[in-house]
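The values are calculated or read from the model by the stated rules, or taken from the named source; none is laboratory data. Keep in mind that this is a model prediction, so the values were computed, not measured. Every residue, glycine among them, receives a Cβ derived from its backbone with ideal geometry; neighbour counts consider all protein chains shown.
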Amino acid sequence: MTAISLQGISKRYRDHVAVEGLDLEVQAGEFMVLVGPSGCGKSTTLRMIAGLEDISEGRLLIGGRDVTHAEPHERDIAMVFQSYALYPHMTVHMNMAFGLLRTSRLARDEIEARVQEAAQRLQITELLQRRPNELSGGQRQRVAIGRALVRKPKVFLFDEPLSNLDAKLRTHMRSELERLHAELGITIVYVTHDQVEAMTLGTRIAVMDRGHLCQVGAPMEVYRRPANRFVASFIGSPEMNFLPVPEALTPGRAWLNAQYGDVAIQHCAVLGLRPEELAISVEQVPAPLSWRGVVQRVERLGAEAYAQIRVGESDVLVRTEADAVLEAEQAIVLEPELARIRVFDAHTGALLTGRV
């Protein structure tokens, strides 16, 4: 197992900064997920680790060895691409063996053993004599992973490998990747824009935005306590609701002042609550911290439902029971789970720290 250290890594093009001053420590055997919207720099970061992009500034260490300027083949990594990048004229067997045949000094018997072992692990043994155009998308992805496995590298890099698969296959392949990681104990750096993939796969997740690292932590840590408003809105599906401090409610402002002091009021605080952290009350006597709203629509998903509530000029999403008696234009009161409230600076988006 091998650790990766990114120390002040930057990537600059002529008039564009793709990644700036990124510091990240990937622990040995960790499944690290880089997640963020398109153009945030996550794939560029992965390509710098792989040696496919030059590093403008900073240092990159793999297994304690400085590989900042090393060639890709000197880094002992394997990368799985979004497009699979399989050779269409070769069989699955040759696609998996070709790299070792060309670049390694392994005996053919050893290469064959590695191919058979990887095929068995990925349950594609019966596909070894087929060509890529005879395979489904999920099967092609397994072949691409198998081609990486046979090399037995120190680090595996994945660049949005499931984005071309349908929803059912993505779910299945996520479980396969989890199983492989648990069985092999390998170090993985995985890039995705899908926060569901990030939450379900990552030992830790690193959230990026516009070339900067916003937060690193365990998935539920980031979900429960996002460092800023961007992370709060990006992580979670549906995303977090943002509500103004109810200025008309003196008790509500008194609660905020007791928890955060004058700083929250001075910074025009915005409160963040996830859909499951708000309760709908049909009683018209508001609690000390609550919002009056009007039901817009209710989306029932079988075991649960999501109610869209208009609060002032904003729409708020609330998770509720599937058989909740709610209808459009109904007046309600939203009551928050006080222990879950996050308070963000309305200007900078930073999470404000409370007194307790």
Select the strands (runs of 3 or more DSSP E) contained entirely in region 1-92, then report the ones holding at least 1 residues which are hydrophobic (A, V, I, L, M, F, W, C), touching a residue at least 60 places away in the same chain (Cβ under 8 Å) and surrounded by fewer than 21 Cβ atoms within 10 Å (Cβ to Cβ). 17-26
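Quick one: count up the residues across region 171-186 that are more than 15 Å from Leu122 (Cα to Cα) and out of contact with any Lys or Arg (no Cβ under 9 Å at 6 or more places or on another chain). First the steps, then the outcome.
First pass over region 171-186, keeping only residues more than 15 Å from Leu122 (Cα to Cα): 171, 185-186.
Next, from what is left, pick out any that are out of contact with any Lys or Arg (no Cβ under 9 Å at 6 or more places or on another chain): 171, 185.
Summing the residues that are more than 15 Å from Leu122 (Cα to Cα) and out of contact with any Lys or Arg (no Cβ under 9 Å at 6 or more places or on another chain) in region 171-186 gives 2.
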So is Ala331 farther than 16 Å from Pro238 by Cβ, modelled with pLDDT under 90, outside the structural domain of Cys214 (by TED's automatic domain parsing) and surrounded by fewer than 13 Cβ atoms within 10 Å (Cβ to Cβ) or not? no
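Which one of these is modelled with pLDDT under 95 and either touching a Leu at 6+ places or on another chain (Cβ under 9 Å) or in the same structural domain as Val207 (by TED's automatic domain parsing) (or both): Gly39, Gly21, Gly8, Gly51? Before the answer, list the steps.
Numbers: Gly21 fails: modelled with pLDDT under 95; Gly8 fails: modelled with pLDDT under 95; Gly51 fails: modelled with pLDDT under 95.
One residue alone meets the criteria, Gly39.
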Kindly provide the set of residues from region 109-137 that are without any contact (Cβ under 8 Å) to a residue 40 or more places away in the chain and buried (at least 19 other Cβ atoms within 10 Å of the Cβ), ordered by number. Arg114, Val115, Ala118, Ala119, Ile124, Leu127
From the list Ala350, Ala307, pick out the single residue that is aliphatic (A, V, I, L, M) and under 26 Å from Gln215 (Cβ atoms). Ala350
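In the list Leu326, Leu273, Leu289, which residue meets the criterion of being under 18 Å from Arg224 (Cα atoms) and either under 34 Å from the mean Cα position of the chain (by Cα) or modelled with pLDDT under 90 (or both)? Working first, answer last.
Working: Leu326 fails: under 18 Å from Arg224 (Cα atoms); Leu289 fails: under 18 Å from Arg224 (Cα atoms).
After applying the criteria, what remains is Leu273.
Across region 36-60, what is the total count of residues that are of a type in the set (A, V, I, L, M, F, W, C) and in contact with a Gly (Cβ under 8 Å, 6 or more places away or on another chain)? Full working, then the answer.
Initially, region 36-60 is screened for residues of a type in the set (A, V, I, L, M, F, W, C), giving 40, 46, 48-50, 52, 55, 60.
Add one more test, that the residue is in contact with a Gly (Cβ under 8 Å, 6 or more places away or on another chain), and what stays is 40.
Summing the residues that are of a type in the set (A, V, I, L, M, F, W, C) and in contact with a Gly (Cβ under 8 Å, 6 or more places away or on another chain) in region 36-60 gives 1.
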May I ask you to list the residues in region 120-160 that are more than 26 Å from Lys42 (Cα to Cα) and of a type in the set (Gly, Ala, Ser)? Ser136
Leading residue by the ranking (modelled with the lowest pLDDT) among those in region 154-178 that are touching a Ser or Thr at 6+ places or on another chain (Cβ under 8 Å) and either outside the structural domain of Gly64 (by TED's automatic domain parsing) or polar (S, T, N, Q) (or both): Asn164
